[in-house]
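The values are calculated or read from the model by the stated rules, or taken from the named source; none is laboratory data. Because the structure is a prediction, the values reported are computed rather than measured. A quick note on method: Cβ atoms are made from the backbone with ideal geometry, for glycine too, and the neighbour counts reach across all protein chains shown. Surface areas here come from the heavy atoms of the whole protein model, side chains and all, with no ligands, DNA or RNA. Shrake-Rupley method; radii C 1.70, N 1.55, O 1.52, S 1.80 Å.
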Amino acid sequence: MTTVSASGKRVLLIIGGGIAAYKCLDLIRRLKEHGIGVRCILTTAGAEFVTPLAVSSLSAEKVYTDLFSLTDEAEMGHIRLSREADLVLVAPATADLMAKMAHGLANDLASTALLATDKPVYIAPSMNSQMWTHPATRRNLETLQNDGITIIPPGEGDLACGEVGAGRLAEVQDILSTVLQALKHDNPLQDLRGRKVLVTAGPTHEPMDPVRFIANRSSGKQGYALAAALAARGADVTLISGPTMLDCPPNVTRVNVETAQQMQTACAETLPVDAALCVAAVADWRPAQRATQKNKKSFAPAAGEEQKTQIDLVENPDILAWLSQHEHHRPSLVIGFAAETEDLLQHAADKLARKGCDWIIANDVSHVGDDAVMGGDNNQITILHRDGQDKWPRSSKTVIAEKLAARIAAQLGAMPE
Ligand code: CTP
């Protein structure tokens, strides 16, 4: 793969009509700081949220809006507009814009340019969480992914409409790094082509009865980001996922599982692979019995006295150790994660030795506030390997995933076939 600088490349940014449109002003500024030319189409709805003057001032280019552009064909037609860019980015991509794209409508400048482009298209959706999870949006999303459009997934949190949930425009930093990554390579990110990789992600749920289970706080974000980054470099990625709220990244095969035992079976069915990344927060224990009917309170509550009960637990398979010591199909590279709340590096080093994997990625999950690692968007890791350890600065899970994917590609590339 030839790496080239993103500087000097051009982005056509289509700004849709959502409250997050104001974040595009920062995005334009950041892209320009990296030497990227930004030409913007502002939809009629987008112009309700940001002014053409603000956009043109920051991009230092004329802004194209339906008002004058549709009568302006002689100066810059929609075909030229969409072809002169190296990449087309839609941010925020509203439910309406996504629906238009999925159906191939071309009734305004933005949709016409999107239909006419021959360049990679990236979209960063942003909308109310009900709209995001609506079956119509799900259908459109699937169509867009099948059409080869890359989705920069929205985050979760407080939405401008006052609700809380998924649908918040991805962080500007994450949109920026995705775009930079895509522009940086003339044969984008294909150094893992031909490599098969398995990623486990998310929590496992260990049922006690049909309605109750043991679980943990894992959101699956780091594992999904890694699967996305590896697939973007051309790897054939199987993502074996416990229950999460996340969308399957583009060009990734997802196998949904619930329990640790199902996760191990799915891994066994995926072998052989070149690399295995165990990012899942697998429950170490499962209830010894799984009742077929909902468990009932079996005691008579006595006034003023707290009752006690017990759950018998049995040990789950350790998937990372099993893969690391696999008799027939030990992957060339096995990577585990150590989520710790104390003595981070000591526990991580013990795990590296005990499980027999090649790298352990240590992360401190002791903090449970707003910026907690578990469930949050940021992470800070130290990679422990046979020859030492490397501490990386705190950054978004997407950026960490991209850096890890690059390191995995370098490691696999250096190994004898
Ligand atoms: N792991 C696994 N199967 C298990 C438990 C853990 O594959 N049954 C993997 C995780 O995916 C992670 C690594 O092992 O890559 C470490 O997981 P962690 O929960 O931190 O460690 P444990 O082995 O469970 O040890 P402890 O609970 O004592 O910290």
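When the residues of the range 105-126 are filtered to those that are open to solvent by 20 Å² or more (accessible area, probe 1.4 Å) and of a type in the set (A, V, I, L, M, F, W, C), the one that is nearest to the chain's Cα centre (by Cα) is L114.
Going by the structure shown, is R254 part of a strand (DSSP E or B) and within 16 Å of the ligand (Cβ to nearest atom)? The answer is no for R254. For the range 152-174, name all the residues that are more than 13 Å from A20 (Cα to Cα) and in contact (Cβ under 8 Å) with a residue 60 or more places away in the chain. Result: I152, P153, E156, A166, Q173, D174.
What residue, among those in the range 287-319 that are modelled with pLDDT under 95 and of a type in the set (S, T, N, Q), is surrounded by the most Cβ atoms within 10 Å (Cβ to Cβ)? Ranking the qualifying residues of the range 287-319, first place goes to N295. Per this entry, D284 is not counted among residues that are more than 16 Å from the ligand (Cβ to nearest atom), open to solvent by 20 Å² or more (accessible area, probe 1.4 Å) and either more than 19 Å from the chain's Cα centre (by Cα) or not polar (S, T, N, Q) (or both).
Within the range 309-324, the residues that satisfy the criterion of being within 12 Å of the ligand (Cβ to nearest atom) and either out of contact with any strand residue (DSSP E or B) (no Cβ under 9 Å at 6 or more places or on another chain) or closer than 20 Å to P272 by Cβ (or both) are P317, D318, I319, L320, A321, W322, L323, S324. Checking D247, D274 one by one, the residue that is acidic (D, E), open to solvent by less than 80 Å² (accessible area, probe 1.4 Å), modelled with pLDDT under 95 and more than 15 Å from the ligand (Cβ to nearest atom) is D247 and no other.
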